[in-house]
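S.K.: Before I ask anything, let me first share the structure, which is written out below as structure tokens.
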Amino acid sequence: LMASMAHLQEEKLRLQEELLGLQEKLAAQENNEISRSPQLQGQVESLKAKLLEQAQEISRLRSELGGTDAEKHRDLLAAENERLRQDMKACEGELRELRWQQQAPCRDCTHLQENAELQERLSQLQREAEETRAKLAELDLEVQQKTNRLAEVELRLKDSLAERAEEEERLSRRLRDSQETIASLKSQPQQIKYIIKTVEVESAKAKQALCESQSRNQYLQEQVGMQRQVLKEMEQQLQSSQKTVAQLRAQIAMYEAELERAHGQMLEEMQAMEEEKNHAIEEAFSRAQVEMKAVHENLAGVRTNLLTLQPALRTLTHDYNSLKRQVRDFPLLLQETLRSARAEIGQAIEEVHNTNRELLRKYQRELQLRKKCHNELVQLKGNIRVFGRVRPITKEDGEGPEAVNAVTFDADDDAVLHLLHKGKQVSFELDKVFPPQASQEEVFQEVQALVTSCIDGYNVCIFAYGQTGAGKTYTMEGTAANPGINQRALQLLFSEVRGKAADWDYAISVSVAEIYNEALRDLLGKEPQEKLEIKLCPDGSGQLYVPGLTEFRVQSVEDINKVFEFGHVNRATECTNLNEHSSRSHALLIVTVRGLDRSTGLRTTGKLNLVDLAGSERVGRSGAEGSRLREAQHINKSLSALGDVIYALRSRQGHVPFRNSKLTYLLQDSLSGDSKTLMMVQVSPAEKNTSETLCSLKFAERVRSVELGPVSRKAELASWPSQEQLEVTEGLPVPFLFPPHSGAPSGRSHVSPSTGQLSGRAASIRRKLQTSG
Ligand code: ADP
Ligand code: MG
């Protein structure tokens with residue numbers, strides 16, 4: 001017991017100590033609470049004051065709100081409205097009164113005007129009232145809105161007041177709790193004191209009391225434990241914060257040390273740099289001194305050099321100046337040289353030009369000489385000239401490769417033309433070649449000398465030869481707008497005759513005839529179908545004449561046109577197809593110019609025969625029969641005869657076979673003697689006509705190439721080739737190869753196209769002919 005007593009005593013002491021500690025703590029807490037309670041009191045006070053303030057504010061706001069502008073305005077407007085209503089009522093009363101007055105018969109009184117004015121006023125007032133009403137409605141709306149807003153504000157105010165009351169309540173509750181806690185804490189130590197006393201005094205009850213106190217102790221211990229726990233936590237917190245502080249301190253120290261170190265380092269570096277700088281300055285200084293010395297030395301050397309260089313410089317300057325002068329003078333010099341060079345070149349060009357001109361002149365002279373020689377040769381050949389005329393490609397030639405142009409000309413020589421036939425170019429030389437672009441006028445210029453010579457009493461023949469469609473009729477007759485040789489010749493004759501009218505009397509008459517199938521017809525006669533005969537003049541002059549051939553005297557172009565028209569009409573009535581017929585017959589215009597020199601009584605007669613020959617084309621041998629064959633034979637015969645005659649004339653043979661055809665027989669006078677003949681060979685340039693073109697050109701060249709020479713038996717024997725022979729003997733000296741005419745064109749059957757054997761075969765034919773002749 002004693003021991004337990006002692007133990008209890010010990011325990012008591014310990015508890016007392018603990019109690020003291022707790023009391024201290026309590027006191028501290030109490031102090032704390034006491035110090036906090038005035039604080040809270042203060043807070044409560046301040047809140048109360050605030051509440052009061054706000055209540056005042058609300059009342060102020062409320063009073064303020066009661067007197068807003070809008071409300072005032074509304075009140076005012078309401079008053080105004082009321083006033084206006086009163087006015088209106090008064091006016092209505094007045095109106096009623098006035099109406100009543102109006103009903104009384106007072107027409108001429110001033111009431112009427114007044115009434116009108118009043119009515120006007122009334123309506124104005126009504127309008128005003130209306131406007132005011134609208135305004136009032138607007139204001140009402142505004143007031144309504146404002147009232148709503150006010151209600152809202154009030155509601156908000158109420159809410160905030162309630163909040164404040166709540167806050168107040170909460171605070172007072174908290175105050176009460178605090179006070180209660182303080183009271184309970186105050187009552188605790190007395191209880192403990194009572195327990196100790198009980199332990200001391202009542203030992204009997206000690207055990208029980210001990211038990212109680214033990215349980216109490218237990219509770220207290222728990223309490224203490226809890227407090228300790230709190231304490232520990234707080235200590236831990238303190239420790240952790242201390243730790244953090246220590247850490248932070250350590251860090252700071254670390255940073256400081258680092259800072260110190262960096263500072264030291266920096267100082268060191270600065271020191272080192274300072275030293276380096278000083279060192280470098282020293283070094284640079286010493287180097288500069290050394291360099292300076294070297295420069296000084298150099299300078300001295302340069303000075304001495306300069307002294308020695310001065311004379312060299314002088315010479316250089318001199319040289320430079322002279323060069324400068326040269327350079328300055330160079331462009332002038334260059335210009336001079338260029339000018340002289342240019343002059344030389346110009347001179348050389350001039351010389352070349354002159355030489356060229358000289359050469360050209362010589363060439364032209366040579367050409368003229370050649371022409372003259374040729375003309376002389378032609379004259380020697382019996383005044384027979386051969387011209388070629390190429391017509392342009394026409395629509396009738398069609399299109400495509402068949403209508404391609406196959407004829408080209410020589411730019412320098414107007415007597416040459418080239419024909420591309422079967423891929424080979426064949427060249428022909430005539431007396432003159434007219435290209436497609438040559439006009440009727442140009443063609444006529446070349447023949448007009450011939451035409452005028454018949455005024456002087458010469459006989460002239462102009463033939464148009466060529467295949468059908470080659471332009472014979474175009475050249476001879478031409479078109480109404482662009483007449484040919486016929487009309488132009490007569491016009492020229494008229495003007496020439498007129499020029500000579502002072503001394504001469506001239507009569508120009510024309511006949512138009514046609515030779516078809518060896519029959520001569522007078523196209524101006526009354527019976528065009530009648531066949532005319534060619535007879536010898538009975539006067540024994542040996543002249544030929546055609547009995548019955550009509551001759552028309554013509555004096556003007558109108559006369560000629562009438563004659564031509566008449567001739568055409570007659571020719572057309574004679575045949576079914578004029579085109580076909582005209583290509584199968586020779587058309588002749590015979591112009592006779594008879595002159596009488598009045599002073600001497602000398603008479604001259606010249607004849608101009610303009611002949612549009614039948615088509616020279618070869619008729620297909622197989623297809624032609626009957627009249628067509630006969631036509632072909634006649635044409636062939638007469639054209640061959642014409643060739644024979646011309647050949648005989650040019651080669652000055654004793655015998656000229658004029659009688660072989662009607663045509664040559666009729667023109668005998670005009671072909672022989674000193675008469676002049678022109679053969680105009682017409683060709684088509686179209687590719688499809690090249691073989692006919694080739695034949696025509698060969699005919700032309702043969703007429704022209706007959707050389708003058710002594711009359712020989714050989715030449716006499718030779719005959720002009722028939723049309724068929726022309727076709728098959730290309731490239732051979734034809735006139736010597738074939739038998740003379742035996743009437744029909746039988747020669748063609750003997751001709752071999754094999755050129756290799758021809759010369760031997762020709763010789764044998766010749767021998768045969770000689771023996772038979
Ligand atoms: P031919 O009388 O030889 O049968 P044409 O004189 O009737 O040929 O000519 C045939 C066509 O060619 C005609 O329509 C004609 O107008 C035309 N013609 C011929 N030569 C020329 C030319 N030099 N210029 C213009 N057209 C031409
Ligand atoms: Mg014709």
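S.K.: So residue 397 fits all but one of (1) under 23 Å from residue 701 (Cα atoms); (2) within 14 Å of ligand 1 (Cβ to nearest atom); what number is the exception?
M.R.: Answer for residue 397: the failing condition is (1).
S.K.: Report whether or not residue 627 is in contact with a helix residue (DSSP H, G or I) (Cβ under 8 Å, 6 or more places away or on another chain), small (Gly, Ala, Ser) and over 23 Å from residue 458 (Cβ atoms). Lay out the reasoning, then the answer.
M.R.: Working: in contact with a helix residue (DSSP H, G or I) (Cβ under 8 Å, 6 or more places away or on another chain): no; small (Gly, Ala, Ser): yes; over 23 Å from residue 458 (Cβ atoms): yes.
No.
S.K.: Could you look through the stretch 548-560, keep only residues that are out of contact with any strand residue (DSSP E or B) (no Cβ under 6 Å at 6 or more places or on another chain) and at pLDDT 90 or above, and pick out the one that is nearest to ligand 1 (Cβ to nearest atom)?
M.R.: Step one: list which residues in the stretch 548-560 are out of contact with any strand residue (DSSP E or B) (no Cβ under 6 Å at 6 or more places or on another chain), which gives 555-560.
Now drop any that are not at pLDDT 90 or above, which leaves 555-556, 558-560.
Details: 555: 28, 556: 26, 558: 24, 559: 24, 560: 19 Å.
Per the criteria, the residue is 560.
S.K.: Applying the selection to the stretch 403-425, what residues are in a loop (DSSP other than H, G, I, E, B) and either in contact with a Phe, Trp or Tyr (Cβ under 8 Å, 6 or more places away or on another chain) or in contact (Cβ under 8 Å) with a residue 24 or more places away in the chain (or both)?
M.R.: Step one: list which residues in the stretch 403-425 are in a loop (DSSP other than H, G, I, E, B), which gives 404, 406, 410-415, 422-423.
Scanning the stretch 403-425 gives 404, 406, 422.
S.K.: When only residues in the stretch 565-602 that are within 30 Å of residue 502 (Cβ to Cβ) and either surrounded by 15 or more Cβ atoms within 10 Å (Cβ to Cβ) or modelled with pLDDT of 90 or more (or both) count, which is farthest from ligand 1 (Cβ to nearest atom)?
M.R.: Within the stretch 565-602, the subset within 30 Å of residue 502 (Cβ to Cβ) is 589-602.
From what is left, the residues that are either surrounded by 15 or more Cβ atoms within 10 Å (Cβ to Cβ) or modelled with pLDDT of 90 or more (or both) are 589-596.
Details: 589: 14, 590: 19, 591: 20, 592: 25, 593: 26, 594: 31, 595: 33, 596: 37 Å.
Ranking the qualifying residues of the stretch 565-602, first place goes to 596.
S.K.: Separate question: Of the residues 667, 671, only one is in the same structural domain as residue 445 (by the TED database), touching a Ser or Thr at 6+ places or on another chain (Cβ under 8 Å) and not aromatic (Phe, Trp, Tyr); which?
M.R.: On the way: 667 fails: touching a Ser or Thr at 6+ places or on another chain (Cβ under 8 Å).
After ruling out the rest, the residue left standing is 671.
S.K.: Looking at (1) surrounded by fewer than 24 Cβ atoms within 10 Å (Cβ to Cβ); (2) in contact with a helix residue (DSSP H, G or I) (Cβ under 8 Å, 6 or more places away or on another chain), can you tell me which one residue 632 breaks?
M.R.: (2)
S.K.: For the stretch 426-451, give me each residue that is part of a strand (DSSP E or B) and of a type outside the set (S, T, N, Q). Step through it out loud before you land on a result.
M.R.: To start, the set of residues in the stretch 426-451 that are part of a strand (DSSP E or B) comprises 426-429, 432-434.
Those that are part of a strand (DSSP E or B) and of a type outside the set (S, T, N, Q): 426, 428, 429, 432, 433, 434.
S.K.: When you look at residue 126, is it in a helix (DSSP H, G or I), at pLDDT 85 or above and out of contact with any Phe, Trp or Tyr (no Cβ under 8 Å at 6 or more places or on another chain), yes or no? It would help to see each step written out before you state the result.
M.R.: Values: in a helix (DSSP H, G or I): yes; at pLDDT 85 or above: no; out of contact with any Phe, Trp or Tyr (no Cβ under 8 Å at 6 or more places or on another chain): yes.
No; evaluated as a whole, the condition is false for this residue.
S.K.: Sticking with this structure for a sec: Between a residue in the stretch 465-478 that is more than 19 Å from residue 701 (Cα to Cα) and any residue that is within 8 Å of ligand 2 (Cβ to nearest atom) and in a loop (DSSP other than H, G, I, E, B), which pairs come within a Cβ distance under 6 Å, given they are 6 or more apart or on different chains?
M.R.: Cβ pairs passing all conditions: 468/615.
S.K.: Residue 458 - would you say it is within 16 Å of ligand 2 (Cβ to nearest atom) and at pLDDT below 95?
M.R.: Judged against the criteria, residue 458 is not a match.
S.K.: Looking at the stretch 469-482, which of its residues are more than 6 Å from ligand 1 (Cβ to nearest atom) and among the aliphatic types (A, V, I, L, M)? Before you say what the answer is, go through the steps one by one.
M.R.: Narrowing the stretch 469-482 to residues more than 6 Å from ligand 1 (Cβ to nearest atom): 475-482.
Residues satisfying the conditions are 476, 480, 481.
S.K.: Could you tell me whether the stretch 488-511 includes any residue that is of a type in the set (A, V, I, L, M), within 16 Å of ligand 1 (Cβ to nearest atom) and touching a residue at least 60 places away in the same chain (Cβ under 8 Å)?
M.R.: Going residue by residue through the stretch 488-511, those that are of a type in the set (A, V, I, L, M) are 489-490, 492-493, 497, 501-502, 507-508, 510.
The next check asks that each one be within 16 Å of ligand 1 (Cβ to nearest atom); those that pass are none.
Looking through the stretch 488-511, none of the residues is of a type in the set (A, V, I, L, M), within 16 Å of ligand 1 (Cβ to nearest atom) and touching a residue at least 60 places away in the same chain (Cβ under 8 Å).
S.K.: If a residue has to be crowded, with 22+ Cβ neighbours inside 10 Å and more than 9 Å from ligand 2 (Cβ to nearest atom) to count, how many in the stretch 467-482 make the cut?
M.R.: 1
S.K.: Okay, next question. Looking at the stretch 430-445, which of its residues are surrounded by 19 or more Cβ atoms within 10 Å (Cβ to Cβ) and more than 9 Å from ligand 1 (Cβ to nearest atom)?
M.R.: Within the stretch 430-445, 430, 431, 433, 444 meet the criteria.
S.K.: Kindly provide the set of residues from the stretch 453-468 that are of a type in the set (Gly, Ala, Ser) and away from ligand 1 (no atom under 12 Å from the Cβ), ordered by number.
M.R.: Within the stretch 453-468, 453, 457 qualify.
S.K.: Let me ask something additional. Can you tell which of 307, 360, 267 is loosely packed, with under 10 Cβ neighbours inside 10 Å, of a type in the set (A, V, I, L, M, F, W, C) and assigned to a helix (DSSP H, G or I)? First the steps, then the outcome.
M.R.: Details: 360 fails: loosely packed, with under 10 Cβ neighbours inside 10 Å; 267 fails: loosely packed, with under 10 Cβ neighbours inside 10 Å.
Exactly one residue qualifies, and that residue is 307.
S.K.: So if I check each of 561, 459, 517, 486, which one is in the same structural domain as residue 394 (by the TED database) and either over 17 Å from residue 587 (Cα atoms) or of a type in the set (Ser, Thr, Tyr) (or both)? Outline the logic, then answer.
M.R.: Values: 561 fails: either over 17 Å from residue 587 (Cα atoms) or of a type in the set (Ser, Thr, Tyr) (or both); 517 fails: either over 17 Å from residue 587 (Cα atoms) or of a type in the set (Ser, Thr, Tyr) (or both); 486 fails: either over 17 Å from residue 587 (Cα atoms) or of a type in the set (Ser, Thr, Tyr) (or both).
Going through 561, 459, 517, 486 in turn, just one is in the same structural domain as residue 394 (by the TED database) and either over 17 Å from residue 587 (Cα atoms) or of a type in the set (Ser, Thr, Tyr) (or both): 459.
S.K.: How about the stretch 363-396: which of its residues are in contact with a Leu (Cβ under 9 Å, 6 or more places away or on another chain) and modelled with pLDDT of 75 or more?
M.R.: 384, 385, 386, 387, 388, 390
S.K.: Then there is this: Just checking, which of 678, 610, 629 is within 16 Å of ligand 1 (Cβ to nearest atom) and either assigned to a helix (DSSP H, G or I) or in contact with a Leu (Cβ under 8 Å, 6 or more places away or on another chain) (or both)?
M.R.: On the way: 678 fails: within 16 Å of ligand 1 (Cβ to nearest atom); 629 fails: within 16 Å of ligand 1 (Cβ to nearest atom).
Being within 16 Å of ligand 1 (Cβ to nearest atom) and either assigned to a helix (DSSP H, G or I) or in contact with a Leu (Cβ under 8 Å, 6 or more places away or on another chain) (or both) holds for just one of 678, 610, 629, which is 610.
The values are calculated or read from the model by the stated rules, or taken from the named source; none is laboratory data. Everything quoted here is computed from the prediction, not taken from an experiment. Note: ideal-geometry Cβ built from the backbone for every residue, glycine included; neighbour counts use all protein chains shown.
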